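Data block below; observations after.
The values are calculated or read from the model by the stated rules, or taken from the named source; none is laboratory data. For clarity, every value in this text was computed on a predicted model and none was experimentally measured. As a convention, Cβ positions derive from the backbone with ideal geometry for all residues, glycine included, and neighbour counts pool all protein chains shown. Quick note on the areas: whole protein, heavy atoms, side chains included, nothing else; ligands and nucleic acids left out. Shrake-Rupley method; radii C 1.70, N 1.55, O 1.52, S 1.80 Å.
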Amino acid sequence: MAWALKLPLTDEVIESGLVQDFDASLSGIGQELGAGAYSMSDVLALPIFKQEESNLPPDSDNKILPFQYVLCAPTSPAVKLHDETLTYLNQGQSYEIRMLDNRKIGELPEITGKMVKSIIRVVFHDRRLQYTEHQQLEGWRWNRPGDRILDLDIPMSVGIIDPRANPTQLNTVEFLWDPSKRTSVFIQVHCISTEFTMRKHGGEKGVPFRIQIDTFKENENGEYTEHLHSASCQVKVFKPKGADRKQKTDREKMEKRAPQEKEKYQPSYETTILTECSPWPEVTYVNNSPSPGFNSTHNSFPVAEGNGSPNHQPEPVVQVADNLLPTATPQDAQQWLHRNRFSPFCRLFTNFSGVDLLKLTREDVIQICGPADGIRLFNALKGRVVRPRLTIYVCQESQQAREQHPKHENGDAAASAFFVYHAIYLEELTVTELTEKIAHLFSISPRQINQIFKQGPTGIHVLVSDEMIQNFQDEVCFVLDTMKGMTMAAKNDSVVVVV
């Protein structure tokens, strides 16, 4: 009868017994291992306490990083155990980031007593927004003229030297600091997460950002280009005091959960430790120049704009010569993107070779780069050249061509004549532009050409004007003839061109 009475309570007895056995097994851990085999430092080194990202290489679990960055803002309690931490920030509020030196004795001796450079960025966490980052930031710049996404609070910062904020990079700041000295940098984020949501009807969840810090040491040339360490964390930015309300809401929601449910979530830490990550691919902004880009001849690409010299005319043939070849390596493709003013997208196409880029369809490029830059990049990849407004073909006086080619055996002099024409491309359709192109063809200065005439009916000479050029037929042919200026106003070395 005793066994029969306990049958309805069998599940409870089993559950109670399991709990007691589990507690007993835990209580004996310290006695079995001994005091010297289990230390608190080993516990703190676990990924759950160090907030390490799960996608790091396995060999980095026990690796002591040279630096550690601590954001002085609490993490959200509504994050599951194995997920990355999430931190709420208030728009425009100054937050401290402590720059800590974790090097062992004798580690990285080349930076002892020297400065290192750190670059702080606010970037998108979602991959979808990363593909359109340039377009998103340009839209934010348009709506908030004169504002920055990320700023340094220099008066509150300690130990930073030569802080810089590039005017063209609204989401980036950089500074120098000495790892052997106490360093704390205060940052302000001025954009909010809901500014980049797809639909704005109220109540949308804001998109998460990432705060990433990349640290570099000085190379033999005095430039901070050698990467040392990178770390980042996930944040969301709210309007003033919105982060405090969100933190309170998450805490209240967790308090209402059952104890079994609470065990699935991380506790709220008072500070946020940035976890190790890959360096930011746009290493071109690491140089010491005030403007981003490579320190090479790539900066000379737009020289032709506004240059009146006929030796630098932006003829379409020059554009075609810079086509991207399928055999181009990823490094060649990166240089091609810079030369053709696609620098903001170099990070997206870091590992793309020439054939990879050429395989992209028009829809692919527009989805990645946005409509405006996407169409421009697609046309550049396909080698499409803008057709000039007017094309004319000119030939120099034919007398020389006749003298240089002997007669055929049948004595036909006309058949032996060979005429060489040159193409002239006109965009502005003005006499000044035509004069410069003809001067370039004759290898003389445009100032040496006094006037240009067009031979009209009965052999009359009609002065060429802007209006006449605008009425030229496309791809019309002309024979050029020159003569010394006969008017009193003409200089001795001037030339009159008759077409």
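The set of residues from the range 104-124 being open to solvent by 50 Å² or more (accessible area, probe 1.4 Å) and either outside the structural domain of residue 191 (by the TED database) or in a loop (DSSP other than H, G, I, E, B) (or both) comprises 104, 105, 106, 107, 112, 113, 114, 115.
Pairs meeting the criteria (first residue in the range 342-357 and in contact (Cβ under 8 Å) with a residue 12 or more places away in the chain, second residue part of a loop (DSSP other than H, G, I, E, B) and among the charged types (D, E, K, R), beta carbons under 7 Å, at least 6 apart or on different chains) are 346/282; 347/282.
If the condition is being free of Cβ contacts under 8 Å to residues at least 24 places away in the same chain and either part of a strand (DSSP E or B) or loosely packed, with under 14 Cβ neighbours inside 10 Å (or both), then the range 464-486 contributes 467, 471, 473, 483, 484, 486. Within the range 243-271, the residues that satisfy the criterion of being of a type outside the set (D, E, K, R) and either outside the structural domain of residue 79 (by the TED database) or within 17 Å of residue 72 (Cα to Cα) (or both) are 243, 247, 267, 268, 269, 271.
Just one of the listed residues (253, 246, 205, 236) is open to solvent by 20 Å² or more (accessible area, probe 1.4 Å) and part of a strand (DSSP E or B), and it is 236. Look at the range 154-172: where a residue is over 17 Å from residue 133 (Cα atoms) and a partner is of a type in the set (A, V, I, L, M, F, W, C) and not in a strand (DSSP E or B), sitting 6+ places away or on another chain with Cβ atoms under 8 Å, you get 160/154; 161/115; 163/154.
Do we have any residue at all in the range 177-188 that's within 26 Å of residue 349 (Cβ to Cβ) and either assigned by the TED database to the domain that holds residue 239 or not β-branched (Val, Ile, Thr) (or both)? Within the range 177-188, not a single residue is within 26 Å of residue 349 (Cβ to Cβ) and either assigned by the TED database to the domain that holds residue 239 or not β-branched (Val, Ile, Thr) (or both).
With respect to residue 375, is the statement that it is outside the structural domain of residue 439 (by the TED database), at pLDDT 85 or above and over 26 Å from residue 478 (Cβ atoms) true? Spelling it out, residue 375 is indeed outside the structural domain of residue 439 (by the TED database), at pLDDT 85 or above and over 26 Å from residue 478 (Cβ atoms). If you take the residues in the range 402-426 that are open to solvent by 80 Å² or more (accessible area, probe 1.4 Å) and assigned to a loop (DSSP other than H, G, I, E, B), which one is modelled with the highest pLDDT? Of everything passing the filter in the range 402-426, 421 is modelled with the highest pLDDT. The residue pairs whose first member lies in the range 247-274 and is of a type in the set (Lys, Arg), whose second member is in a loop (DSSP other than H, G, I, E, B), and whose beta carbons are closer than 6 Å, counting only pairs six or more residues apart or on different chains, are 251/77. Answer yes or no: is there a residue in the range 222-231 that is assigned by the TED database to the domain that holds residue 147 and in a loop (DSSP other than H, G, I, E, B). For the range 222-231, residues assigned by the TED database to the domain that holds residue 147 and in a loop (DSSP other than H, G, I, E, B): present.
The criterion of at least 3 residues that are open to solvent by less than 30 Å² (accessible area, probe 1.4 Å) and in contact with a Leu (Cβ under 8 Å, 6 or more places away or on another chain) is met by the following strands (runs of 3 or more DSSP E) wholly inside the range 125-194: 172-177, 183-189.
Taking each residue of the range 447-463 that is assigned by the TED database to the domain that holds residue 431 and looking for partners that are exposed (fewer than 14 other Cβ atoms within 10 Å of the Cβ) and part of a loop (DSSP other than H, G, I, E, B) with beta-carbon atoms closer than 7 Å, six or more apart or interchain, yields 448/493; 462/456.
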